Amino acid sequence: MIDRRQFVVQISAASGALMAGQAIAQPALLSETDPQAIALGYKADTTKVDAAKYPKHAATQECKNCALYQGKPSDAAGPCPLFAGKQVAAKGWCSAWAKKA
């Protein structure tokens, strides 16, 4: 049988572990059908960008080498301030792409 003090310690530890798990959870991956994604011509795969619609697009332009991308280049996806609360594919592209310095 657990006494009150042990119970409180165990509950505190369990809720701390739950909170840590929530902090680590990754935001959802941006869908190409999201209204903001459509507005910016986002594609999860830069090779699928419509060249006629975006003639300045180059195959070497990917989210991971964009100045706005906040993930590591080695990550499969990362945050972008244009799509708050969602992650973009590292190999994706949108019309706001800007060369990373």
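The values are calculated or read from the model by the stated rules, or taken from the named source; none is laboratory data. Keep in mind the model is a prediction, meaning the values are calculated, not measured. No Cβ is skipped: glycine too gets one built from the backbone with ideal geometry, and neighbour counts run over all protein chains shown.
Select from segment 57-88 the residues that are at pLDDT below 95 and basic (K, R) and list them in ascending order.
Of everything in segment 57-88, just one residue is at pLDDT below 95 and basic (K, R), namely K72.
Is there any pair with a first residue in segment 19-40 that is under 19 Å from K53 (Cβ atoms) and a second that is modelled with pLDDT of 95 or more and acidic (D, E) whose Cβ atoms are under 8 Å apart and which are 6 or more apart or on different chains, and what are they?
Here the result reads I38/E32, each pair linking segment 19-40 to a residue that is modelled with pLDDT of 95 or more and acidic (D, E).
Scan segment 32-50 for residues that are surrounded by 13 or more Cβ atoms within 10 Å (Cβ to Cβ), assigned to a loop (DSSP other than H, G, I, E, B) and not hydrophobic (A, V, I, L, M, F, W, C) and jot them down.
Residues satisfying the conditions are E32, D34, G41, Y42.
Looking at K53, K91, which one is outside any strand (DSSP E or B), surrounded by 12 or more Cβ atoms within 10 Å (Cβ to Cβ) and modelled with pLDDT of 95 or more?
Just a single option satisfies the conditions, and that option is K91.
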